[in-house]
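A quick write-up on the structure given underneath.
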Amino acid sequence: KKLAVFVSGGGSNFRSIHEASLEGLVHGEIVVVVTNKSSCGGAEYARSKNIPVLLFPKTKDEPHGLSASELVATLRHFEIDFILLAGYLKLIPLELIQAYSKCILNIHPSLLPAFGGKGYYGMKVHKAVVNSGARFSGATIHLVDEHFDTGRILAQRVVPVLSNDSAEDLAARVLKEEHRLYAEVVAALCDERIIWRSDGVPLIQSKE
Ligand code: GRF
């Protein structure tokens, strides 16, 4: 399977999926990386592994960025099967969601629907979780629709919130689980072990 990964920041989720692909756990190849910030760590890592980097979207400070239709055409050219958002912070245009229906995944560092949606990203999520007194947080992988963090949930992993946790402590504990969860889910995706329940909820079949 051919994978496209979208990043905006450090790209640690991208790196862990790439490593899982190189180790043969994920039967898929990351053939292109898309970013809204060409200088971010994820883009640097892609260049260091000779993976092509596309700039999206086109904005005033990134005038060389692709338009939505150019991006769709380019992903088609790369024969992409699945799109994985990994720390990507911009909305996905409807044109891309329609072109890749049920083939775009995102990871969010909380147990959605809690602490999700516009404004909840990066450390803001963990600060809100710690301040709420929640005893558990975690990671969620969901299908992407035209809103932030609202698509069908595909997988979750629970992480305890300890009484003396800072937001940074929690972020580090959740990020470790994100890496494990995303590699497992992408492995299932590439092995076509995702089945659809009658009400549209995607389920992962375990490896026999
Ligand atoms: C992670 O918590 C991820 O869930 C969120 O952005 C953070 C950084 O991700 N979307 P990465 O290191 O850039 O993969």
Check your understanding: What percentage of the solvent-accessible surface of the range 1-153, computed with a 1.4 Å probe over protein heavy atoms, is contributed by carbon and sulfur atoms?
Key -> 54 percent
Practice item. May I ask you to derive the relative contact order of the chain, considering only C-alpha pairs under 8 Å and at least 6 residues apart, and to give it as an integer percent? Key: 19 percent
Revision key, fill the gap. Computed, not fitted: 222 nm per-residue ellipticity of the chain from DSSP H runs ≥ 4 (each -39500 (n - 2.57)), nearest 500, equal to -10000 deg cm²/dmol
Exercise for review: Using only Cα atoms, find the angle between the long axis of helix 167-190 and the longest principal axis of the chain, and express it within 0 to 90 degrees, rounded to the nearest 10.
Suggested key: 50 degrees
**Study point:** Solvent-accessible area per residue for the range 111-208 (1.4 angstrom probe, square angstrom)
**Key:** 54 Å²
Exercise for review: Answer rounded, prolate or oblate for the range 3-84, using the Cα gyration tensor with square roots of eigenvalues a ≥ b ≥ c: rounded when a/c is under 1.5, else prolate when a/b is larger than b/c, else oblate.
Suggested key: oblate
Point to revise | Local net charge near SER38, Cβ-Cβ under 15 Å (Lys/Arg +1, Asp/Glu -1) | key: +2
**Study point:** Per-residue HN-Hα couplings for the range 57-68 [Karplus 6.51, -1.76, 1.60; θ = phi - 60°; Hz; x = Gly/Pro]
**Key:** x, 6, 9, 5, 8, 10, x, 7, x, 7, 7, 4
Practice item. Two decimals is fine: what's Rg over Rh for the chain, C-alpha atoms, Kirkwood radius as Rh? Key: 0.95
Review point. Roughly what angle does helix 123-132 make with the longest principal axis of the chain, taking Cα atoms, 0 to 90 degrees, to the nearest 10?
Key: 20 degrees
Check your understanding: Roughly what % antiparallel, to the nearest 5, for the DSSP beta bridges in the chain?
Key -> 45 percent
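The values are calculated or read from the model by the stated rules, or taken from the named source; none is laboratory data. Keep in mind it's a predicted model, so treat the numbers as computed, not measured. Note that each Cβ is placed from the backbone with ideal geometry, even for glycine, and that neighbours are counted across all protein chains shown. These accessible areas exclude ligands, DNA and RNA; they are computed on the full protein's heavy atoms, side chains included. Shrake-Rupley method; radii C 1.70, N 1.55, O 1.52, S 1.80 Å.
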